[in-house]
Every structure is written in structure tokens, then in C-alpha cells.
Amino acid sequence: MKDIAVIGVGYVGLVTATCFADLGNHVIAMDVAEDKIDKLLQGIMPIYEPGLAEVVKRNVDAGRLHFTTSYTDTIKNARFVFICVGTPSGVDGEADLQYVRQAAETIARIMDHPLIIINKSTVPVGTGDWVADIIRKHQPRPIDFSVVSCPEFLREGSALQDFMNPDRTVLGSLDHEAADEVAQLHLPLRAPIVVTDLRTAEMIKYASNAFLATKISFINEIANICEALGADVKEVAAGMGLDKRIGKMFLDSGIGYGGSCFPKDVLALHHMAIEQEQQPQLLEAVMSINLSRRHQVIAKLRDLLGDDLRGKTIGLLGLAFKPNTDDMRDAPAITIAGLLVEAGATVKGYDPVAMDVARQVMPPATLCTLCKTPYEVCEGCDAVVIVTEWNEFKQLDMLRIKASMRQPIIVDGRNIYDPVMMREMGFVYRGFGRGYSGDIHLDGV
Ligand code: UGA
């Protein structure tokens, strides 16, 4: 049992605190946002994450997990302090480190015993050294401490599972004893532990996210070519993915990536490269391909409904940036709804869990109606777009939907339906990259 402090109870902080408590440690999690802590004290989760509420409750009841707004209470008995505060994008795409700075300064001012301070937030390469400098400068008297980078690799929607079953733990520090202590903390997770220096650990996180984003943009570029040549990208991805060197994950083509991580991290890595006078051409292509996916939804709708979308009603099924979360940060649904409204269309939308968040970020109710069921969305629509591949959209009563639409047009942004079955049911169906040799005649073939 170790004493652990966690600063910041966003996705990463709350999951980290909860899972370390579940492993038998004593954890105090703090946040300066009183409303978040108030909710947690009442057992209300500030985010939607499958299974989280139950595990939080179990550990609070067992006295292993506590929530507070007090820095002093949090680090009073701690040996390990995890910094898990947000690092949003700044004006030029660089990560905004104001919350990391505030956390480091406060820890420095109040610490009264040696600490191992662990950066879990995704921070630009060099931030660990910067945090160490801040702490040294703000300590009223010198007290021993070490900074270790331990980037997180959690996916929203499966964060608990990812925490408990990591592919690897990455630790960055030149202080081998500190790295070893943090490694001990992770031993129950039974994953390979990579120990390296601070900057390399920080880079591993950016390079991993950028690589996954690259895989997505790559398959999306292939999807465009498939569509033009009459090949089916889903089968292409399946065929490619069986090669162990390629792997089958992150080859789902569609409207591209969103969320609080890939868009921000690829942009931040790009920014770091430019600052060092590098030319990150691949990262630029990854970002531009990803943005163009959202515009392609509108292009497909224009292709099917005519250039003028004024007066047309378009339904969006799924609003969160991916299934199993209510997170709408950089969600494709927001961009797509904005483009549709700009083109004069009326938008309807539904999401199984993100409705409260959607009310705040989608166009106003006069232009975008949020509905209670997927069937209500589809009623009277000229076309329906699948934006998020929630399971509940996979087995809808499609004939009921078809009967209720003004025109039976489906643009499947996540390729969840079988094009042949959809056509057989009488839909005009467009996936992404789902070329179909029957549609295409190539010269000489
Ligand atoms: C991502 C990484 O997967 C985590 O390892 C990392 O810890 C996290 O960012 C982070 O930096 O905190 P997350 O953003 O929660 O996790 O979600 P992903 O499952 O990676 O999906 C990201 C986006 O890519 C989603 O919009 C998803 O729809 C899209 N995606 C994913 C595709 O378009 N195609 C795919 O094949 C896979």
C-alpha cells in the first residue's frame, strides 16, 4: 500500500486515482474545480466512462479513495504526486501549460517532505525539466524531489480496462531510484516497463498518438482511392491487418479522428517540430486528410441531394467523438452540423449519452433539433448520416426508418452497415471507401 496524490480529476486523473486505489493503495485526488469535487463526493461522476462509478464507489466505501479541493490535504502524507491536469491547445497549437505550472508551483510551496512528482498529462518534450525548475525555484527551502514522466495511454470509453491491462508502462527519469519506485507501483499491472530519460518518455507519448492518427489518415486516403477504383476499404483493411507488421487496429476508415487527444497532440507535435525548424510534412498531411473527411460528408450529401442543401433536413446519428463516451471535444458532429447549417440545411441529432454536452456545443435549437431516439431523428429526413458507431445503431429497424424518411438516403460515416444489404432494403447508401465493382467501369477492364 502506497500513499498517492493525484492532482486533477479529469479523465486521466480520475481513472488513475480510481485504479491505483483499486490496486490497494491509499489515494487522495484533488481538483481546484469545486463543482467536480462536490459531485464526486455525492457519487456523481463528472464524466461518462463505463464502469467508473462502480469502481469509484467501491474504493470510496473501502476508505482507499478520497476527494478534496485542498492541495495540503492531498500531498500531506503522499510519496507519489501524479500531475494529471489538462493541457489544452494554445493559440498556435502549442500545448497550454498554465495548469501544469500552477500545480508545480503549488506543490513546491507546500511540500514538507521528499516527493516523487509524476507527469501523466501529455506535455511537450522538455516539460519534465521545466517542472523540476519551477519546483526548485518555488520551494521555500530545499527539499528532495524527483520528476518522472509516466505518460498515459488510456482510451476514453475503455479507460479502466486500458489502465489495468496496459501494453507497456513508460517511465522517464534520470533518477533511477525514483523511476524504480514508480516502476514498483506499476508492477501489479504486469506489463513491460520501459525506463528511459524524461524527454524520450514525453516523446513516446506524442509519437504513439501521432502514429495512430497517421494510421487513420492513411486508411482514409486509401479509402478515397478504393472508392474511385471500386474496391472496398473494409476488406482492404482486413487483408492488410492480418500482416503482423501492420496490425488490424486503427484501420477503420470513415469520417476520421476527433476527441481531446489526437487532434491536439498531432498539432502540438507539429508545433514542436516547427519550433525546431523541422518540416513535419507527414503530420501536416495527417491533419489535412483528417479535416477533409468532415467536408466529404457534405460533398457526399450534395452529390446525392443536389448542390443546394437549403430546406433539406439532415439527421445525425451519434454526436460524441466516439462511442462509449459523452465527450464532444473536437467531435466531427460539431463541424458537420456547422457546415450543414451554413449550407441552409436543418439538422436533427441524437446520441445515447452525449445529449447534455451536445446541447452546449451543437448549433442552437432553432437550427439543430436534438431528439430522444434514433427513430425520431430519421423522421422526415432527406438523408441520415452515421457520425458515431454506437452499438445501438447497428441493429436498428431499418425498414421503419426507411418508411419514415422523406428520402431513403444514408451516409455511413463509420462504415457500420453492409452496402449490399442496405441497397437491397431500398436505401441509397454511401459509406466511405466502400467501392463496389458493380458501380464502376474502368477503361479496358
Ligand atoms: C487516444 C489513444 O488511443 C490513447 O492511447 C491515448 O492515451 C489517448 O488518445 C490520449 O492521448 O489521452 P482516445 O482519444 O480516447 O485515445 O480514443 P481512440 O480510441 O484512440 O480514438 C480517437 C479517434 O480516432 C476517435 O475519433 C475514433 O473515432 C477515431 N478512430 C479510431 C478512427 O477514425 N479509426 C480507427 O480505426 C480508430
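The values are calculated or read from the model by the stated rules, or taken from the named source; none is laboratory data. Note that the structure is predicted; figures quoted are calculated from it, not measured. Ideal geometry is used to build each Cβ from the backbone, glycine not excepted, and the neighbour counts take in all protein chains shown. With ligands, DNA and RNA removed, areas are computed over all heavy atoms of the protein, side chains included. Shrake-Rupley method; radii C 1.70, N 1.55, O 1.52, S 1.80 Å.
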Next on the checklist: To check my understanding: the extent here is largest minus smallest coordinate of the Cα atoms along each principal axis. What are those three numbers for the chain, in Å, largest first?
Outcome noted: 75, 49, 38
Checklist entry - Sorted by packing (mean other beta-carbon atoms within 10 Å per residue), highest first, where do 356-362, 190-196 land? => result 356-362, 190-196
Checklist outcome for this item: With Asp31 itself left out, Lys, Arg at +1 and Asp, Glu at -1 over residues whose Cβ is under 12 Å from its Cβ give -1
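By accessible area of protein heavy atoms, probe 1.4 Å, what ranking do Arg423, Arg310, Arg136 get, highest first?
Arg310, Arg136, Arg423
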Item to check | Heavy-atom SASA rank of Ile110, Ile255 (probe 1.4 Å, accessible area, largest first) | outcome: Ile110, Ile255
Checklist entry - What list of ³J(HN,Hα) couplings, whole Hz, do you get for segment 415-432 from phi and the Karplus terms 6.51, -1.76, 1.60, once you set θ to phi - 60° and write x for glycine and proline? => result 6, 8, 9, 8, x, 5, 4, 5, 5, 4, 7, x, 7, 8, 10, 10, x, 10
Item to check | Cα-based helix-to-principal-axis angle, 281-305 vs the chain, degrees rounded to 10 | outcome: 30 degrees
Next on the checklist: List the lysines whose Cα sits under 29 Å from the Cα of Lys312, skipping any in the same chain fewer than 8 residues away.
Outcome noted: Lys300, Lys322, Lys348, Lys372, Lys394, Lys402
Item to check | With all protein chains modelled, accessible area of Ile246 [1.4 Å, Å²] | outcome: 70 Å²
Checklist outcome for this item: The answer for the net charge of residues other than Arg199 whose Cβ lies under 13 angstrom from its Cβ, with Lys and Arg +1 and Asp and Glu -1, is -2
Checklist entry - Where does the chain land at 222 nm, in deg cm²/dmol rounded to the nearest 500, when only DSSP H runs of n ≥ 4 count, each adding -39500 (n - 2.57), divided by all residues? => result -13500 deg cm²/dmol
Item to check | FRET efficiency for Thr68 and Phe211, using Cβ-Cβ distance with R0 set to 41 Å, rounded to 0.05 | outcome: 0.65
Checklist entry - How far, in degrees from 0 to 90, does helix 262-275 lean away from the longest principal axis of the Cα atoms of the chain, to the nearest 10? => result 70 degrees
Item to check | 19 Å Cα-Cα reach of Lys248 towards aspartates and glutamates, excluding residues that sit fewer than 8 places from it in its own chain | outcome: Asp162, Asp167, Glu221, Asp232, Glu235, Glu389
Next on the checklist: Nearest 10 degrees is fine. How inclined is helix 332-342 to the longest principal axis of the chain, computing both from alpha carbons?
Outcome noted: 50 degrees
Checklist entry - Quick one: how many Å² of Arg101 are accessible to a 1.4 Å probe, rounded to 10? => result 100 Å²
Checklist outcome for this item: Interchain or sequence-distant (5+) residues whose placed amide H lies within less than 5 Å of the amide H of Val194 are Thr169, Val170, Leu171
Next on the checklist: Could you derive backbone 3J(HN,Hα) for segment 388-396 from the dihedral phi with the Karplus parameters 6.51, -1.76 and 1.60 (θ = phi - 60°), listing whole Hz in sequence and x where the residue is Gly or Pro?
Outcome noted: 10, 8, 4, 4, 5, 8, 7, 10, 6
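Lys pairs in segment 3-196, Cα-Cα under 23 Å, at least 8 apart or on separate chains: how many?
7
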Next on the checklist: Taking 30 Å as R0, compute the FRET efficiency from the Cβ-Cβ separation of Ser404 and Asp308 and round it to 0.05.
Outcome noted: 0.80
Item to check | Euclidean distance of C-alpha centroids, segment 201-246 and segment 16-69, integer Å | outcome: 36 Å
Item to check | Mean shadow area of segment 210-430 over all directions, Cα convex hull, nm² | outcome: 12.9 nm²
Checklist entry - So how much accessible area does Phe153 have, in Å² to the nearest 10, using a 1.4 Å probe? => result 50 Å²
Next on the checklist: Given a 1.4 Å probe and heavy atoms of the protein chains only, how would you sort Tyr257, Tyr48, Tyr71, largest accessible area at the top?
Outcome noted: Tyr48, Tyr71, Tyr257
